[in-house]
1. So Ser23 fits all but one of (1) modelled with pLDDT under 80; (2) among the small types (Gly, Ala, Ser); (3) surrounded by 12 or more Cβ atoms within 10 Å (Cβ to Cβ); what number is the exception?
2. Across the range 137-155, what is the total count of residues that are loosely packed, with under 13 Cβ neighbours inside 10 Å and under 15 Å from the mean Cα position of the chain (by Cα)?
3. Please go through the range 100-126 and give me each residue that is of a type in the set (S, T, N, Q) and in contact with a Phe, Trp or Tyr (Cβ under 9 Å, 6 or more places away or on another chain), ordered by number.
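The values are calculated or read from the model by the stated rules, or taken from the named source; none is laboratory data. Predicted model only: the values in this text are computed from it and were never measured. Cβ: placed from backbone, ideal geometry, glycine included. Neighbour counts: every protein chain shown.
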Amino acid sequence: MLTIIDFKLRRMRTVRIQGKVISPTQGDRAMVMLTSQTDFVSMAGRAMASAQDPDGTFELRGVTPGNYNFVAQRGDQNGQYMARISINVGNTNIEDVELVLRPGVTVTGAIREDGEAPVPMTQVMVTLQPKKFSLVGGTSSGANADGTFSIPNVSPNTYRVVASVRGAQPAFVKSVLACDQELPDSE
């Protein structure tokens, strides 16, 4: 049983980040979040969020030096809007950061089976899982009878493509093509 824990505290300079979220539409304020690029596990529960003023300005205080992803995201009846920038925080305050919200896009495609047992395409679910931090999880869509699918409001990010068949053995994605070119699996 562990009874004594020793640790040392080190004073570290922190800085302030100020900026503005720019939105193409009027609506609710966006959620603004700063997360570590290199140490996501230790940032869990410590991601820094900021409230915006009505004009979109925000301020984060107490930011330690490091490399971060700065993310702003807002959703409304028209879909999701998102902005992401990488930011390197040193020992001085950072001002005039601009996060420009952009609407999500519709990702369309078609599933082709490669196997002996036919798969009923209407039972296939295609999911896009973010590889980088996102304020919302993945998004998915069922396939049509001809294997085509459409996933609306996809925010800019890097995604893992997952295909699953409802009520059947797990399926796997053999390859993903974009503009007739096979995309590499970066894992």
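1. (1)
2. The total comes to 1.
3. Thr108
Here is a yes/no grid of residues against (1) of a type in the set (Lys, Arg); (2) part of a strand (DSSP E or B); (3) surrounded by fewer than 17 Cβ atoms within 10 Å (Cβ to Cβ); (4) modelled with pLDDT of 90 or more:
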residue: Gln52; (1), (2), (3), (4): no, no, no, no
residue: Asp55; (1), (2), (3), (4): no, no, yes, no
residue: Phe70; (1), (2), (3), (4): no, yes, no, no
residue: Tyr81; (1), (2), (3), (4): no, yes, no, no
residue: Ser86; (1), (2), (3), (4): no, yes, yes, no
residue: Asp96; (1), (2), (3), (4): no, yes, yes, yes
residue: Val107; (1), (2), (3), (4): no, yes, no, no
residue: Thr122; (1), (2), (3), (4): no, no, yes, no
